[in-house]
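Written out below as structure tokens is the structure these notes cover.
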Amino acid sequence: MADQVSQNMAVVFFLEKDVSEDQLRSIEEKLAGSSLVLQANFISSRDAVTKFTERFPELQGIVDNLRSNPFPPSFEATLKENLLSSDITAEVIAEMVILPGVEDVQFNRDWIERMQSLSRLASAIGFFLGGILILASFFIISNVIKLNVFSRKDEIEILRMSGATNTFIRIPFLLEGVVLGFLGGLLSLLLLLVLIQIFPLYLGGSLGALRDLINFRYLTFPQSVNIVLGGATIGFTGSLTSLARFLKN
Amino acid sequence: MIELYHVWKQYQKPHWALSDVSFHVERGDFWFITGPSGSGKTTLLKIMFREILPTQGQIIIDRRNILKISDHRIYQLRRKMGIVFQDFRLLFHKKVFDNVAIVLEILGVPRKEIRRRVFAALRMVNLHNKMWEYPSHLSYGEQQRVAIARAVVNQPTIILADEPTGNLDTELAFEIMSLFREINKRGATVIICTHDRELIRHFGQKILFLYKGKLLRKEAL
């Protein structure tokens, strides 16, 4: 979310009300030529009024009563990813501010930095919880296989006495672990899909202003494949460790 | 074929389950190991198929010291042996056919060949007409015959049996013992642990007497 907020954050350059065509073109060229700017949109005074009334329709009356348009023209520039808090960005903005025709700049660097710290914290918590879940899955699968091995210990004993290799005994249990992990991965993807569909419906109202910022998106195809393959790998290693102890005895 | 040299086994100090047991079994022999309960018969058998290791001593089977075989190669020794237990150790969720076939499946024998050999083994123990039944539908005597069919289906050179008639009445015990005799006549070396004196009197030719882990005497009648 924090990433999304910082990425969507634009630097707004407010222009003087009587900015000339030449000044406007020079500012636009400067923005377009900058390696830091991803996209720059010109917002005229009239566009600004329209946007304001669209966003705050209840204040339409006040706008109608104004004798002149108080909104200055502006450029909304979206910066390239990960550059929002860099010092280079601050330098570029400082260069832009002194250009003729530019009156002010709106860019809350502290806030973005705080959001990025929040993003890092959220990632750390995500990794921590993910790690715990992976360990939990490992032990659950390992214990399921252990129980299964235990319930079939007579059969394993007969196989061993009849000259079965450890690999021959292991294969069905390893396959079971892989299938369990694989199905677990698929099930988690399905649950995620359902949650993504349902969650915004339930929380939509209570999110308030955050609703526009939070975007529930599904995993990409490679991420989904990684989850399923990861599940299968956890299942495989879980089975292997539970069998290793049993076959050693 | 099977040679034991000064085999000692201790589970817990200070008692010795086996004390300095040495004997030789020739290829094609039929031996009984007898003695009262707790004399070390089962321990001796378990050492021979390397279920357990002796505390001291050496065991040579087919000119190979079985104590030097690594754990992951122990299957090579077991494939030469057919083992029969007092409690049959059948898989009750599998049919008679599958109980016997499992040994050949381990060896990777083709399905068609498995069918042929399982049928032959079950015919030898006269259970070929109950091939598709579950062991729980069979009598104790029949269940033990399935276990024997399983032990001989891959034509092992050694058959080891631990009290194979322990759960059977005298008539069935004689029937089972006759089967072991038949297997022995076909060339397998057979070693049977039993405390049934009647059986030994009737079938015994070569007998090892164990008492409190010591080999009291060897008899070859």
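The values are calculated or read from the model by the stated rules, or taken from the named source; none is laboratory data. Bear in mind the structure is a predicted one, so any value in this text is a computation, not a measurement. Using ideal geometry, Cβ is built from the backbone for each residue, glycine included, and neighbour counts are taken over all protein chains shown. These area figures cover heavy atoms from the full protein model, side chains too; ligands, DNA and RNA do not enter into them. Shrake-Rupley method; radii C 1.70, N 1.55, O 1.52, S 1.80 Å.
Data for the structure
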| read-out | value |
| --- | --- |
| Cβ-Cβ FRET estimate between B:ARG115 and B:LYS94, R0 fixed at 25 Å, reported to 0.05 | 0.95 |
| Chain A, relative contact order [Cα under 8 Å, separation at least 6], % | 25 percent |
| Heavy-atom accessible area order for A:VAL63, B:VAL7, A:VAL225, largest first, 1.4 Å probe | A:VAL225, A:VAL63, B:VAL7 |
| Taking N as its residue count, the alpha carbon Rg of the stretch A:122-246 over 2.2 N^0.38 Å | 1.43 |
| Length released on extending from A:VAL97 to A:PHE52, taking residue separation times 0.36 nm less the Cα-Cα span | 13.8 nm |
| Other-chain or far-sequence residues with amide H under 5 Å of B:PHE32's (modelled H) | B:ILE192, B:GLN205, B:LYS206, B:ILE207, B:LEU208 |
| Antiparallel %, DSSP beta bridges [both residues in the protein assembly as shown], to 5 | 65 percent |
| Exercise: per-residue mean of other protein chain Cβ atoms within 10 Å, A:152-161 | 5 |
| Spatially proximal lysines relative to B:LYS185 (Cα-Cα < 28 Å; intrachain offsets below 8 disregarded) | B:LYS41, B:LYS46, B:LYS80, B:LYS112, B:LYS130, B:LYS206, B:LYS218 |
| Percent of beta bridges antiparallel (DSSP, chain B, rounded to nearest 5) | 50 percent |
| Neighbour-limited loop hits for chymotrypsin sites (Phe, Trp or Tyr not before Pro), the stretch B:1-34 (at most 13 other Cβ within 10 Å; DSSP other than H, G, I, E, B) | B:TYR11 |
| Crossing angle, helix A:21-33 versus chain A [Cα axis fit, 0-90 degrees, rounded to tens] | 20 degrees |
| For chain A: Kirkwood Rh in Å [reciprocal of mean 1/r, alpha carbons] | 23.6 Å |
| For the stretch B:173-181, 3J(HN,Hα) per residue [Karplus equation, 6.51 cos²θ - 1.76 cosθ + 1.60, θ = phi - 60°, Hz, x = Gly/Pro] | 4, 5, 4, 5, 5, 4, 5, 4, 4 |
| Binned Cα-Cα distance frequencies in the protein assembly as shown - 10 Å width, integer % | 4, 14, 17, 14, 9, 7, 7, 7, 8, 7, 5, 2, 0, 0 |
| Student exercise, chain B dipole from Lys, Arg, Asp, Glu Cβ charges, in Debye to nearest 20 | 720 debye |
| Proximal lysines relative to A:LYS17, as straight alpha-carbon distance under 25 Å, when same-chain residues fewer than 8 apart are discounted | A:LYS30, A:LYS51 |
| Estimated FRET transfer efficiency (B:LEU107, A:LEU247; beta-carbon r; R0 25 Å; 0.05) | 0.85 |
| Neighbour net charge for B:GLY35 - beta-carbon separation under 9 angstrom, K R +1, D E -1 | +2 |
| Relative contact order (percent, whole number), chain B, Cα cutoff 8 Å, 6+ residue spacing | 30 percent |
| Residues with amide H under 5 Å from that of A:LEU38, placed H, sequence gap 5 or more | A:THR78, A:LEU79, A:LYS80 |
| DSSP beta bridge pairing in the stretch B:116-221, given as percent antiparallel to the nearest 5 | 55 percent |
| Heavy-atom SASA rank of B:THR189, A:THR167 (probe 1.4 Å, accessible area, largest first) | A:THR167, B:THR189 |
| Exposed trypsin sites (Lys or Arg not before Pro) absent: longest stretch of chain B, with sites in DSSP loops and at most 11 other Cβ within 10 Å deemed exposed | B:64-185 |
| Coil-residue chymotrypsin sites (Phe, Trp or Tyr not before Pro) of the stretch B:51-127, DSSP, other Cβ within 10 Å capped at 16 | B:PHE92 |
